[in-house]
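The values are calculated or read from the model by the stated rules, or taken from the named source; none is laboratory data. Predicted model only: the values in this text are computed from it and were never measured. So basically every Cβ, Gly included, is an ideal-geometry build from the backbone, and we count neighbours across all protein chains shown.
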Amino acid sequence: MSTNTTEPTLSNSTTNQTSIQIKNVTVIGAGTMGNGICHVFANHGYQVSMMDVSQDAMNRAMSTIAKNMDRQVSKQLMTEAEKEAALGRIATYTDMSEALKDADLVIEAATENIDLKMKIFESIDAHAPEKCILATNTSSISITRISSHTKRMGKVIGMHFMNPVPVMKLVEVINGYATDKATTNAIIELTKAIGKVPCVVNDYPGFISNRILLPMINEAILSLQEGVAGIEEIDTIMKLGMAHPMGPLQLADFIGLDTCYSILNVLHIGYGNPKYAPATLLANMVQAGYLGVKSGEGFYKHTPGSKELVVSERFTKTH
Ligand SMILES: NC(=O)c1ccc[n+]([C@@H]2O[C@H](COP(=O)([O-])OP(=O)(O)OC[C@H]3O[C@@H](n4cnc5c(N)ncnc54)[C@H](O)[C@@H]3O)[C@@H](O)[C@H]2O)c1
């Protein structure tokens with residue numbers, strides 16, 4: 001546990017511009033990513049405002065955070081008192097203007113939908129204090145396009161956390177076309193202050209992480225579709241041969257096949273290059289509702305509570 005004992009303060013030492021102080025962080029969206037982001041900031045001493053349109057989602061998020069912190073306590077990574085203090089730093093809101101009142105930084109982690117994100121950013125821009133930096137955790141939507149829906153393009157940036165947020169070290173920091181240097185520097189320092197490693201990239205479809213990861217997953221699905229090898233062979237080759245912690249088909253199930261499909265479409269349309277076209281097998285599985293872990297079945301069958309890797313019967317049938 002690396003809770004800050006001092007007040008978190010960022011000074012922008014690499015430019016001459018006024019330093020940007022970040023103490024209050026508002027997270028929009030309390031789903032898988034939003035709850036992890038709130039967890040990490042609260043652990044590091046920041047005041048966190050969690051906002052979601054669904055009170056149920058926030059209740060679930062608070063109980064997930066408490067459960068994950070319990071695990072840290074049992075591993076002696078934090079004390080019970082530190083856990084209570086961290087949970088006490090998170091306030092929940094369903095009203096956007098209330099949640100943004102004192103924000104120095106907003107991190108938007110709502111559902112991946114372009115129209116929804118544009119509306120959310122217009123609303124954040126209208127309610128957040130003028131000095132506030134607006135970050136988005138989008139996996140694939142253009143930061144520049146999102147920023148064009150605000151009157152502060154220089155203060156809009158991508159902060160792409162990885163799942164599960166409390167565990168994964170990387171934050172891909174994405175500069176929009178108009179992002180100010182001071183904004184980037186503040187986010188780099190902040191990312192280090194919460195114990196993560198920032199990697200700065202520019203705003204092109206898929207950024208770096210998904211531009212490289214998704215074509216690999218798609219290639220694995222194409223190989224399966226063409227009968228080059230079966231699911232276990234493909235995943236084993238990538239695990240044992242390339243030292244990947246899990247195979248690309250298992251990873252696709254974890255990410256969600258609908259998410260994989262939508263990111264590949266962003267790459268395909270964004271670059272206008274057929275090499276990014278999603279495999280037909282992937283499109284079929286998404287349309288039929290075989291989405292991976294979230295629906296219980298994708299390339300593998302997922303039983304809640306079981307860690308056993310069982311290939312979906314649809315791929316083992318001989319007829
Ligand atoms: N899940 C991942 O592995 C992953 C990894 C990196 C980035 N991301 C990105 O993070 C973002 C969130 O993904 P997630 O997996 O946490 O989604 P999720 O579906 O688990 O959660 C989204 C939350 O947003 C809330 N929401 C919807 N509309 C809202 C609004 N108008 N205002 C406030 N809240 C609203 C929903 O109620 C829900 O609780 C997406 O942009 C996604 O692309 C996801």
List the number of the failed condition for V167; all other conditions in (1) touching a helix residue (DSSP H, G or I) at 6+ places or on another chain (Cβ under 8 Å); (2) within 13 Å of the ligand (Cβ to nearest atom); (3) more than 24 Å from L116 (Cα to Cα) hold.
-> (1)
Only one of (1) crowded, with 21+ Cβ neighbours inside 10 Å; (2) of a type in the set (V, I, T); (3) free of Cβ contacts under 8 Å to residues at least 40 places away in the same chain; (4) within 24 Å of P164 (Cβ to Cβ) is not met by T303, so which one is it?
-> (1)
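Per-residue answers, yes or no, for (1) touching a Cys at 6+ places or on another chain (Cβ under 7 Å); (2) surrounded by fewer than 16 Cβ atoms within 10 Å (Cβ to Cβ); (3) over 23 Å from E112 (Cα atoms):
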position: T236; (1), (2), (3): no, yes, yes
position: D253; (1), (2), (3): no, no, no
position: S262; (1), (2), (3): no, no, no
position: G272; (1), (2), (3): no, yes, no
position: T280; (1), (2), (3): no, yes, no
position: M285; (1), (2), (3): no, no, no
position: K307; (1), (2), (3): no, yes, yes
Taking helices (runs of 4 or more DSSP H) that do not extend beyond region 52-135, which have at least 1 residues that are crowded, with 18+ Cβ neighbours inside 10 Å and within 16 Å of the ligand (Cβ to nearest atom)?
-> 55-74, 96-100, 114-127
Quick one: F254 ticks every box in (1) at pLDDT 95 or above; (2) over 30 Å from D104 (Cα atoms) except a single one, so which number is it?
-> (1)
Looking at this structure, is G270 in contact with a Phe, Trp or Tyr (Cβ under 7 Å, 6 or more places away or on another chain), of a type in the set (G, A, S) and on the phi < 0 side of the Ramachandran plot?
-> no
Quick one: which helices (runs of 4 or more DSSP H) sit completely within region 149-251 and have at least 2 residues that are modelled with pLDDT of 95 or more and within 23 Å of I37 (Cα to Cα)?
-> 181-193, 209-225
Looking at region 163-179, which of its residues are in contact (Cβ under 8 Å) with a residue 40 or more places away in the chain and either touching a Pro at 6+ places or on another chain (Cβ under 9 Å) or surrounded by fewer than 23 Cβ atoms within 10 Å (Cβ to Cβ) (or both)?
-> N163, P164, P166
Among the candidates T259, T280, residue that is within 14 Å of the ligand (Cβ to nearest atom), among the polar types (S, T, N, Q) and either under 29 Å from D203 (Cβ atoms) or modelled with pLDDT of 95 or more (or both) | T259
Can you work out which of the residues in region 136-146 that are within 11 Å of the ligand (Cβ to nearest atom) and not in a loop (DSSP other than H, G, I, E, B) is surrounded by the fewest Cβ atoms within 10 Å (Cβ to Cβ)?
-> I146
Name the pairs whose Cβ atoms lie under 8 Å apart, with the first residue in region 59-77 and more than 10 Å from H39 (Cβ to Cβ), the second crowded, with 17+ Cβ neighbours inside 10 Å and charged (D, E, K, R), and 6 or more positions between them or separate chains?
-> D70/K83; V73/K83
Filter region 235-266 for residues that are among the hydrophobic types (A, V, I, L, M, F, W, C), in contact with a helix residue (DSSP H, G or I) (Cβ under 6 Å, 6 or more places away or on another chain) and farther than 13 Å from L309 by Cβ and give the result.
-> M238, A252, L257, C260, I263, L264
Verdict on K155 being farther than 28 Å from Y261 by Cα, surrounded by fewer than 20 Cβ atoms within 10 Å (Cβ to Cβ) and more than 12 Å from the ligand (Cβ to nearest atom) | no
